[in-house]
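The values are calculated or read from the model by the stated rules, or taken from the named source; none is laboratory data. The model shown is predicted, which means the values in this text are computed figures rather than measured ones. Every residue, glycine among them, receives a Cβ derived from its backbone with ideal geometry; neighbour counts consider all protein chains shown.
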């Protein structure tokens, strides 16, 4: 258990950051699923708008270090492939 004032503060900050990161990760996954669902339903317009929103979220997550930049690039590439397959 944390004994010093500084250690107690770091515990509070770590908990706050962990909750924030979990929410951001959840939002990231939700946006990716929206694109996949729209592509699965062959709804080109909805897929395109969901794709644009997902790109923004993915880039933000990579910029903040939530996911690795190569992981972000892989997600974006695979989603773009799905979008292009719709025609």
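Confirm whether residue 70 is part of a helix (DSSP H, G or I), under 16 Å from the mean Cα position of the chain (by Cα), exposed (fewer than 14 other Cβ atoms within 10 Å of the Cβ) and at pLDDT 95 or above.
Details: part of a helix (DSSP H, G or I): yes; under 16 Å from the mean Cα position of the chain (by Cα): yes; exposed (fewer than 14 other Cβ atoms within 10 Å of the Cβ): yes; at pLDDT 95 or above: yes.
So residue 70 passes the test.
This table checks each residue for (1) touching a strand residue (DSSP E or B) at 6+ places or on another chain (Cβ under 7 Å); (2) modelled with pLDDT under 95; (3) part of a helix (DSSP H, G or I).
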| residue | (1), (2), (3) |
| --- | --- |
| 2 | no, yes, no |
| 26 | no, no, yes |
| 38 | no, no, yes |
| 50 | no, no, yes |
| 56 | no, no, yes |
| 66 | no, no, no |
| 74 | no, no, yes |
Pairs returned, first residue in the stretch 71-83 that is over 14 Å from residue 36 (Cα atoms), second residue that is at pLDDT 95 or above, beta-carbon separation under 7 angstrom, 6 or more apart or interchain, are 72/58; 72/59; 72/61; 72/62
Just need a number here: residues in the stretch 32-66 that are surrounded by 13 or more Cβ atoms within 10 Å (Cβ to Cβ), in contact (Cβ under 8 Å) with a residue 40 or more places away in the chain and under 19 Å from residue 21 (Cβ atoms). 2
